[in-house]
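Here's the structure, in structure tokens; my notes come after.
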Amino acid sequence: MPEKITVSLIKADVGSVAGHSKPHPRMMEVARNALSKGMQDGLLVDYYVTRCGDDMELLMTHRKGENDKEIHELAWNAFMSAASEAKKMKLYAAGQDLLTDAFSGNVRGQGPGAAEMEFEERPTEPMLVLMADKCGPSAYSLPISKIFMDPFTTTGLVIDPRAHLGYDLEVVDVVDHKTVVMSSPAEMYDILALIGDTTRYAVKRVVHREVGVAAVVSTEKLNMLADKYVGKDDPVMLVRCQSGLPAVGEVLQPFAFPQLVAGWMRGSHYGAWYPCSVDGSDPSYHDGPPRVCALGIQISNGRIQGLEPPDSGPGVHEPLDYFSGSEWDYVRNKAMEISIYMRGHGPFMPGIVSPDELEYTTRPDVLKKLEPRMKSMD
Ligand code: F6R
Ligand code: MG
Ligand code: MG
């Protein structure tokens, strides 16, 4: 039986240059050094350090399973080293997502986000690594619905006998911290009745009934974990592709619709989700707009294989950066048009999120101040 491999994508915003924009190269370097040490210690099979906007992304492969203490500690320490470099340079929001002073066994609940999947590697294992900035995990719910439940997006659901079975979706209630597994297509309308509410529900995991795990999203609700606002989740998603699972193109197609997602400036606005390359992911318009990157890799005997020569060694990779292509210029232009339109609302809804979702508010203070002047209309 083939050995199981785990892919862990753990991310955090631990500081950046000029506000919430881009981690400094020195921060990336120390994170790489930390993971390289993890390789030497035999913890990792391979790793790749990248970023989306101001978020550092640690992609790791190993044989220790999901939620492994040593792997999470390695990621935590890599973020701590990067945060310490950020502090030395007095960068902005240094250490922002490291909510506790000491690691306590698992990064979940401590600030960083994690998407992890353990599976038996197929004869060939194409994977997409999606990374978002300035939005929450429910941003992926619409694309997931299209990729795994909509035959008008994924023709494979209709014409590929291996895809025809459908998928099980694990839906998380991020407010009450509950989770439920539902089956598509049988329960498709029930699934949509929940996840259409992007203020509360998000899809955590998608499972093919024969192939196993197909997609995993980081669903940690950062702004609910800390006492005060410390940043949006800026979620990541791993998707296994092809051979009965959705084709790479079927996974990417939904991102051609620049849907409105909550986040953006101060985590409090609706903006059009902007697909971009890693290099193009600096948030340069009103701290945004919310963005998403898509990297293509192969998992090859546990190693990460991109376009680099096969003997490049661990940590040195060149994934296919899908949204760098000029096809996506059209979507980017459309997204910008929508985002500029949404900005026209200024501090009015629906340009801003509902009062419950605002991550900054002065309303309680304003109401308190006005209390003596508030007159009853009865
Ligand atoms: C959104 C984000 C930024 C900040 C904004 C204000 O996720 O990171 O839009 O919310 O720049 O930041 P502070 O309060 O740190 O000045
Ligand atoms: Mg930030
Ligand atoms: Mg961010």
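The values are calculated or read from the model by the stated rules, or taken from the named source; none is laboratory data. Please read these numbers as outputs of a predicted model, since none were measured by experiment. We place every Cβ from the backbone using ideal geometry, glycine too, and count neighbours over all the protein chains shown. Heads up: the accessible areas ignore ligands, DNA and RNA and are worked out on the full protein's heavy atoms, side chains in. Shrake-Rupley method; radii C 1.70, N 1.55, O 1.52, S 1.80 Å.
If you take the residues of region 347-364 that are open to solvent by 90 Å² or more (accessible area, probe 1.4 Å) and closer than 21 Å to Val174 by Cα, which of them is modelled with the lowest pLDDT? Residue satisfying both the conditions and the ranking: Asp356. Test Asp101 against the criterion of being over 22 Å from the mean Cα position of the chain (by Cα) and not in a helix (DSSP H, G or I), and give yes or no. Spelling it out, Asp101 is indeed over 22 Å from the mean Cα position of the chain (by Cα) and not in a helix (DSSP H, G or I).
Taking the conditions (1) open to solvent by 40 Å² or more (accessible area, probe 1.4 Å); (2) farther than 18 Å from Gly111 by Cβ; (3) in a loop (DSSP other than H, G, I, E, B); (4) away from ligand 1 (no atom under 16 Å from the Cβ) in turn, Glu29 satisfies each one other than (3). Just one residue in the set Gly271, Gly280, Gly288 is closer than 29 Å to Tyr48 by Cβ, in contact with a Lys or Arg (Cβ under 7 Å, 6 or more places away or on another chain) and within 16 Å of ligand 3 (Cβ to nearest atom); that residue is Gly288.
Working only within region 78-92, note down all residues that are open to solvent by less than 30 Å² (accessible area, probe 1.4 Å) and under 19 Å from Asp234 (Cα atoms). The answer is Ala78, Phe79, Ala82, Ala83.
Among the numbered criteria (1) out of contact with any Leu (no Cβ under 7 Å at 6 or more places or on another chain); (2) within 16 Å of ligand 3 (Cβ to nearest atom), which single criterion is violated by Gly15? Condition not satisfied by Gly15: (1).
Scanning region 48-63 for residues that are farther than 16 Å from Gly315 by Cβ and either crowded, with 18+ Cβ neighbours inside 10 Å or of a type in the set (A, V, I, L, M, F, W, C) (or both) gives Cys52, Gly53, Asp54, Asp55. Whenever a residue of region 184-205 is more than 26 Å from Glu359 (Cα to Cα), its partners that are surrounded by 14 or more Cβ atoms within 10 Å (Cβ to Cβ) and among the β-branched types (Val, Ile, Thr), lying with C-beta atoms within less than 7 angstrom and at least six residues away or across chains, give the pairs Ser184/Ile191; Ile191/Val171; Arg205/Val213; Arg205/Val216. If the condition is being open to solvent by 20 Å² or more (accessible area, probe 1.4 Å) and within 16 Å of ligand 2 (Cβ to nearest atom), then region 6-26 contributes Val17, Ala18, Gly19, His20, Ser21, Lys22, His24.
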